[in-house]
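Inspection log for the structure reproduced underneath, given as structure tokens.
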Amino acid sequence: MINKNKKKKLFSFDKKEVKLNSSQKLFLGSTLIVLSFTLFLSFTSYFYTGIKDQSTLTEFTNLEVVTENWMSKVGAQLADFFLYKGFGISSYIICFLLFLSALFILLNSNKTKLTRHWFWGILIMLWVSLLFGLIDLDSGKFSGIIGFEVNLLLKSYIGNIGTSFLLLLFAIYYLTFRLNIGIDSFKKWFTFKNK
């Protein structure tokens, strides 16, 4: 009879942390840093060269076609995917989160804090995309397609005022649960202002 504890599991959902050795940490951390800078430069270049590069996106394998993006064809594709088809200007948060992940790996910091940073970073990215979609509803230049389309959907159900209230509610949610700001914080701030 086989002991249940010694039976080999094909799939395990235990919360065992993967241990990386020093060289693996250096490789993974450096890769994430390079990726974050690549995305940052691609995104920044998009605001200067994005319109010129639109016609070259379908010619990725054609070596004769030259793009204006600072990171060339890969940068133009990344910027188009994240900024235009994705979350707009709030996609810069991904660069920050990748860089932060690299620091957590290189410095061997607590990974649960990193998970929290990713959770809140993605929520902020969605919130900013929706905010720019509400402000600039006609062009969607800074909101990306996701912010633009979600705003159109919300507008058809709850209107612009309802969308504004929803964004305000999410901002209060962030202040309350992430920054731990409550009514006592406002009382202290007002008493400090009155003094």
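Structure summary
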read-out: Residues within the stretch 142-164 that are touching a residue at least 24 places away in the same chain (Cβ under 8 Å) and over 22 Å from the mean Cα position of the chain (by Cα), tallied; value: 1
read-out: The lone exception for residue 125 - which of (1) within 17 Å of the chain's Cα centre (by Cα); (2) open to solvent by 50 Å² or more (accessible area, probe 1.4 Å) it fails; value: (2)
read-out: Search result, residues across the stretch 155-182 that are aliphatic (A, V, I, L, M) and farther than 23 Å from residue 119 by Cα; value: 158, 161
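The values are calculated or read from the model by the stated rules, or taken from the named source; none is laboratory data. What you see is a predicted model; the values in this text were computed from it and never measured. Here Cβ is always computed from backbone atoms with ideal geometry, including for glycine, and neighbour counts include all displayed protein chains. What goes into the accessible areas is simple: the full protein's heavy atoms, side chains included, and nothing from ligands, DNA or RNA. Shrake-Rupley method; radii C 1.70, N 1.55, O 1.52, S 1.80 Å.
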